[in-house]
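The values are calculated or read from the model by the stated rules, or taken from the named source; none is laboratory data. Only a predicted model underlies this, so the values are computations on that prediction, with no experimental measurement involved. Here the Cβ positions follow ideal geometry from the backbone for every residue, glycine too, while neighbour counts run over all protein chains shown. Remember, those area values only see protein heavy atoms, side chains included, never the ligands or the DNA or RNA. Shrake-Rupley method; radii C 1.70, N 1.55, O 1.52, S 1.80 Å.
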Amino acid sequence: MITIQKYVRPQSLEEAYQLNQNRRSRIIAGMLWTKMSSGAVNTAIDLCDLGLDTIEETDKQFSIGAMVTLRQIEQHAGLNAYTGGKAAAAVKDIIGVQFRNIATVGGSIWGRFGFSDVLTLFLAMESFVELYKGGIIPLAQFASMPYDRDLLVRLIVKKTPGSFSYQAMRAQRTDFPVLTCAVSRLDGQYRAAIGARPGRAMLIKDEEGLLTGGINEESAKAFAEYAAGKVPTGSNLRGSAAYRTHLAKVLVERGALELGGNA
Amino acid sequence: MEIKLKLNGKNIMGSIEPDTLLIDFLREHGCYSVKRGCETSGCGLCTVLMDGTPVLSCSVLAARADGHEVYTLEGLQQEASDFVGFIADQGADQCGFCNPGFVMNTIALLRENPDPTDDEIRAFLAGNLCRCSGYEGQLRGIRNYLDSRKG
Ligand SMILES: Cc1cc2nc3c(=O)[nH]c(=O)nc-3n(C[C@H](O)[C@H](O)[C@H](O)COP(=O)(O)OP(=O)(O)OC[C@H]3O[C@@H](n4cnc5c(N)ncnc54)[C@H](O)[C@@H]3O)c2cc1C
Ligand code: FES
Ligand code: FES
């Protein structure tokens, strides 16, 4: 566990941002990941008073505050109607209800953890992050950026017409995933997000139009081979690179078949 | 730093360090049902209700609880007494260490979903680990309680 000299609840984003410019400061969201680290923090900046804990839904988009919990994602009727329940499916095995009541979307996305179900899920949608200084940028761009001292204010998910599938392979329920995989059709365009490679999730678009003629066993297999070929995998104690590449093929194929139908 | 919160229905004030965890604050205030079973936020033993929501007190700063309402099993004996006997009847507890966390999270489950299916019970309690049992005893106990309510 970290040690903390001073605890502050900023009353504005500007105050939080300024406090965070000191490299001994640390943003506190759910604190679940931070708690696993050690080291001395001068100022713990708790974002809990900034009103970032709601999901706003309009005809065009969902605007998800950084302090929204994973449990809110799991239970949000609009988000689950849009994703066909995949938002809930993606987070349901993250430890337990009490954990998901604390863990935040902001901490999950900011962390850009390799194993993240949350990052994988939202990469398959038309998602953007709103950064306090960095403005609104695509999530895929954010996912490959290095860490800096900006603030993640919210995640924006456009309601582009689409359908989604989500699968994760776990050795045991509530364990870290061995591979995560979200496949989507957005405005007729297919994409697969593959995470826990074990590196950060990557987005693979169907640039060769393998699925545009319709999804059947053959085209799903072809897209799965293509996506798995584009995604480098590695080995760790949860699985070998070869196993992960094999899983990527199986999960992308199943995901595409689950989407079904024609473009 | 000073914090004010409502603990088990009573307004209290406390003096804490900025990095005091809620679990340690609660134990210092006599709530010994709240226990630490892991260092990785994974066992559910430390479950308390914060503003009615089950959370892991081992992973929340006491400072975050300032201005909020916290319940531990000490304050919810009555509500727990409805169903704990059914769990005991199944011999579900062996060492009993995991029991307060299970009971707290079962209270949260039944408040949110008064008539859960077995799968809903399993899903809600997935973050409560028990090293002695195979979980089936707890499940049977909760099921028997729910069935008894239907008469
Ligand atoms: C034991 C364990 C198991 C897990 N298993 C899974 C799993 O299976 N699948 C999965 O997807 N996830 C898993 N996670 C990750 C978890 O779901 C959260 O993503 C993680 O805890 C971070 O969220 P948090 O709210 O706790 O953030 P914190 O720990 O508070 O913050 C994480 C980092 O982000 C920074 N930060 C937080 N919010 C902001 C913001 N708004 N702006 C700028 N910086 C910010 C913090 O300073 C910190 O560096 C696991 C975590 C743990 C501890
Ligand atoms: S002590 Fe294990 S989850 Fe809190
Ligand atoms: S009865 Fe011993 S840990 Fe559950």
Built amide H within the under 5 Å cut-off of B:Ala126, gap 5+: A:Val97
Nonlocal amide H pairs with A:Lys159, under 5 Å, H built at 1.01 Å: A:Gln61, A:Phe62
Ordering of A:129-135, A:188-194 by burial proxy (mean other Cβ atoms within 10 Å per residue, highest first): A:188-194, A:129-135
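Let me confirm one metric for peptide B:54-67, namely the mean number of other chain beta-carbon atoms within 10 Å of its residues' beta-carbons. Could the numbers behind the result be given before it?
On the way: counts 8, 9, 10, 1, 4, 12, 6, 8, 1, 8, 8, 0, 4, 3.
Rounded to a whole number, the mean comes out at 6.
Using a 1.4 Å probe and counting only protein heavy atoms, arrange A:Glu208, A:Glu14 so the residue with the most accessible area comes first. Mind showing how you got there, number by number?
Details: A:Glu208 125, A:Glu14 70 Å².
Result of the area sort, largest leading: A:Glu208, A:Glu14.
Using R₀ = 30 Å, calculate the FRET efficiency as 1/(1 + (r/R₀)^6) where r is the Cβ-Cβ separation of B:Asp118 and A:Gln75; round to 0.05. All intermediate terms of the calculation are to be shown ahead of the outcome.
Working: r = 20 Å, r/R0 = 0.67.
Calculated transfer efficiency: 0.90.
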Which of A:Pro138, A:Ala103, A:Gln75, positive extreme of dipole for the stretch A:55-158 (C-beta unit charges): A:Ala103
Area of B:Tyr135 that stays accessible when all protein chains are in place (1.4 Å probe, Å², to 10): 90 Å²
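Rounded to the nearest 0.05, what FRET efficiency do A:Met145 and A:Glu56 give with R0 = 30 Å and r taken as the Cβ-Cβ distance? Could you check?
Values: r = 25 Å, r/R0 = 0.84.
Once rounded, the FRET efficiency stands at 0.75.
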Note, ³J(HN,Hα) from phi for the stretch A:238-255, Karplus 6.51, -1.76, 1.60, rounded to Hz, x at Gly and Pro: 8, x, 8, 4, 5, 5, 5, 5, 4, 4, 4, 4, 5, 6, 5, 4, 4, x
Exposure of B:Asp93 as accessible area (Å², to 10), given a probe of 1.4 Å and all protein chains: 50 Å²
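Could you give the length gained by full extension between A:Asp175 and A:Arg24, i.e. 0.36 nm per residue of separation minus their alpha carbon distance, to one decimal place?
Numbers: separation 151, 0.36 × 151 = 54.36 nm, distance 3.14 nm.
That pair, A:Asp175 and A:Arg24, stretches by 51.2 nm at full extension.
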Check: chain A dipole with +1 on Lys, Arg Cβ and -1 on Asp, Glu Cβ, in debye: 820 debye
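Taking 2.2 N^0.38 Å as the expected size of a compact globular protein, what ratio does the Cα radius of gyration of the protein assembly as shown give against it, to two decimals? Present the calculation step by step, with values, prior to reporting the outcome.
Working: Rg = 22.3 Å, N = 414, 2.2 N^0.38 = 21.7 Å.
Relative to the 2.2 N^0.38 Å estimate, the protein assembly as shown comes out at 1.03.
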³J(HN,Hα), Karplus 6.51/-1.76/1.60, whole Hz, each residue of the stretch B:62-68, x for Gly, Pro: 4, 4, 5, 7, 4, x, 10
B:His68 - accessible surface, heavy atoms, 1.4 Å probe, Å² rounded to 10: 60 Å²
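Counting every Cα pair in the stretch B:77-149, what percent are over 19 Å apart? Working shown, then result.
Details: 565 of 2628 pairs.
Result: 21 percent of Cα pairs exceed 19 Å.
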Disulfide-incompatible cysteines by the Cβ rule (no partner under 4.7 Å) in chain B: B:Cys31, B:Cys95, B:Cys132
Inter-probe distance in nm under a simple model that places probes 7 Å from Cα toward Cβ, at B:Cys38 and A:Lys6: 3.5 nm
